[in-house]
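A.B. asks: This is the structure, below, for whatever I ask next.
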Amino acid sequence: MVIILAKRFFVFFVTLLVTSLVIFFLLEILPGDPASIILGVGAQDDTLAALRSEMGLNLSASERYFNWIQGTLSGNFGRSYTYDIPVSYLIIERLSLSVPLASLAILISTFLAIPLGVFAAANHKKLTDTGIMGFSQLGIAVPNFWFAILLILLFSVKLGWFSAGGFSGWEMGFVNAIKSLTLPAISLALPQAAILARVTRSAVLEKMQEDFIRTARAKGLSRNAALWKHAFRNALIPVVTILGLQLSFLLAGTIIIENVYCLPGLGRLLFQSISQRDLVVVKNIVLLLAATVVTINFLIDILYISLDPRLRDSSQ
């Protein structure tokens, strides 16, 4: 088991290293000069040179990369060119919205999709199954920003139950803050729930055809008991895979939704930083999101081994 964990951790470390290299050098080849953007087109050459020196842009690419990685590992993400405050402060401030938003969305997706997927599998080839799969196909086909617009039109414009955008802030109370995040979370959750429901249905149907299910039924176990106690538990591996991918996607994929609802989250900060060419902020946010995806995949890989001992044996 220790050898398996060591191999997984080595792959995890190498993946993060390669990811940081790709992020840095892709951003380095982008056209434009941050110093020129900050000072404007009429800036003098000596002023530009002084600002470039202050920002470390006069160093070689390799020096800038190692300085960036060293600062990141020590918790010093640098200062934003645009806001002139530490990047770590910006990220922590925006994460206080993006993390609850992604968490609420994954909760809605999970509690909606898994029962629907199992229910569809229990009613295979019946009208209920066809209806659930039809709606899930619609959820996959329709982009989440379109769902967001429809929800705003219905619940904000027509019914007036929720605000059309903005965030009240946690200082205004937990209930008000969650209410501000409800429509964005549903917009994020619906397409993910559609995918998860289909995966859950397929996984449960596959397990229902296994010999151990037929043996359990032959011993007198009811169909529902066999479905929930045996088929569903053994179908968790693909379900956990999708949940992990969705969690990382929901944290990294909130850019459009946060812009639709005007939410001051991490995705909106990334969008604004790209438009302002604030490379210090862009590099650190993209690295954080990539590290989140890699870390979640690493944890899922470890969870596989604990869920299925056969994987542990085959990895020796």
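The values are calculated or read from the model by the stated rules, or taken from the named source; none is laboratory data. Note that the structure is a prediction, hence the values are computed from the model and not measured. Methodologically, a virtual Cβ is constructed for each residue, glycine included, from the backbone with ideal geometry; neighbour enumeration extends over all protein chains shown. Side chains are part of the model used for accessible areas, which takes the heavy atoms of the whole protein and leaves out ligands, DNA and RNA. Shrake-Rupley method; radii C 1.70, N 1.55, O 1.52, S 1.80 Å.
A.B. asks: Compute the relative contact order of the chain as a whole-number percentage, counting only Cα pairs closer than 8 Å that sit 6 or more residues apart in sequence.
C.D. replies: 26
A.B. asks: Out of the range 84-167, which trypsin sites (Lys or Arg not before Pro) are coil in DSSP terms and have no more than 16 other C-beta atoms within 10 Å? Could the numbers behind the result be given before it?
C.D. replies: On the way: sites: ARG94, LYS125, LYS126, LYS158; in loops: LYS125, LYS126.
Those that pass, being in a loop and sparsely packed, are LYS125, LYS126.
A.B. asks: Using only the alpha-carbon atoms, how far is helix 236-252 inclined from the longest principal axis of the chain? Give it as 0 to 90 degrees, nearest 10.
C.D. replies: The answer is roughly 30 degrees.
A.B. asks: Could you tell me the distance between the Cα centroids of the range 238-293 and the range 110-141, to the nearest Å?
C.D. replies: The range 238-293 and the range 110-141 have Cα centres separated by 29 Å.
A.B. asks: Continuing with the same structure: What length, rounded to one decimal in nm, is gained on full extension from SER275 through to ALA291, with 0.36 nm per residue of separation minus their alpha-carbon distance? Please list the in-between numbers first.
C.D. replies: On the way: separation 16, 0.36 × 16 = 5.76 nm, distance 2.29 nm.
Going from the current span to full extension adds 3.5 nm.
A.B. asks: Calculate the FRET efficiency for THR128 and PHE9 from the Cβ-Cβ distance with a Förster distance of 35 Å, rounded to the nearest 0.05. Write down the numbers at each step before the final one.
C.D. replies: Values: r = 45 Å, r/R0 = 1.28.
Result of the calculation: an efficiency of 0.20.
A.B. asks: Still on this structure, please answer the following. Give the residue list of trypsin sites (Lys or Arg not before Pro) in the range 194-287 that are DSSP loop and have at most 13 other beta-carbon atoms within 10 angstrom.
C.D. replies: Those satisfying the criteria are LYS219.
A.B. asks: Follow-up question, since we're still on this one. Give me the extension gain from SER60 to ASN76: residue separation times 0.36 nm, minus the current Cα-Cα distance, reported in nm with one decimal.
C.D. replies: 3.8 nm
A.B. asks: Separate question: First compute the accessible area of the chain with a 1.4 Å probe, then give the percent of it belonging to carbon and sulfur atoms.
C.D. replies: 68
A.B. asks: Continuing with the same structure: To the nearest 500 deg cm²/dmol, what mean residue ellipticity at 222 nm is calculated for the chain from DSSP H runs of n ≥ 4 alone, each contributing -39,500 (n - 2.57), summed and divided by the residues?
C.D. replies: -24000 deg cm²/dmol
A.B. asks: Right, here's the next one. For the modelled label position 7 Å from the Cα of GLN137 along Cα-to-Cβ, which residues of the range 185-215 have backbone nitrogen atoms closer than 19 Å?
C.D. replies: Under 19 Å, as judged by backbone N against the label point of GLN137, lie 191-203, 205 of the range 185-215.
A.B. asks: Take the eigenvalues of the Cα gyration tensor for the chain, scale each by 5, and report the square roots as semi-axes in whole Å, largest first.
C.D. replies: 44, 27, 14
A.B. asks: Once you have the Cα-Cα distance between LEU26 and TYR89, take 0.36 nm times their residue separation minus that, and quote the gain in nm to one decimal.
C.D. replies: Length difference between fully extended and current span is 20.2 nm.
A.B. asks: Tell me, what is the per residue accessible area of the chain in Å², probe radius 1.4 Å?
C.D. replies: That works out to 54 Å² per residue.
A.B. asks: Select from LEU269, ILE256, PRO115 the residue farthest towards the positive end of the dipole of the chain; place +1 on Cβ of Lys and Arg, -1 on Cβ of Asp and Glu, and compute about the Cα centre.
C.D. replies: It is PRO115, whose Cα lies furthest towards the positive end.
A.B. asks: How long are the three semi-axes of the equivalent ellipsoid of the range 80-233, in whole Å, if each is the root of 5 times an eigenvalue of the C-alpha gyration tensor, listed from largest down?
C.D. replies: Those come to 40, 19, 14 Å.
A.B. asks: A further question on this structure: Taking only Cα atoms, what is the 0 to 90° angle, nearest 10, from helix 2-28's long axis to the longest principal axis of the chain?
C.D. replies: The helix 2-28 is inclined about 40 degrees to the chain.
A.B. asks: Once amide H atoms are placed 1.01 Å from N in the peptide plane, what residues at a sequence separation of 5 or more from ARG79, or on another chain, have their amide H within under 5 Å of its amide H?
C.D. replies: Residues meeting the amide H criterion: VAL87.
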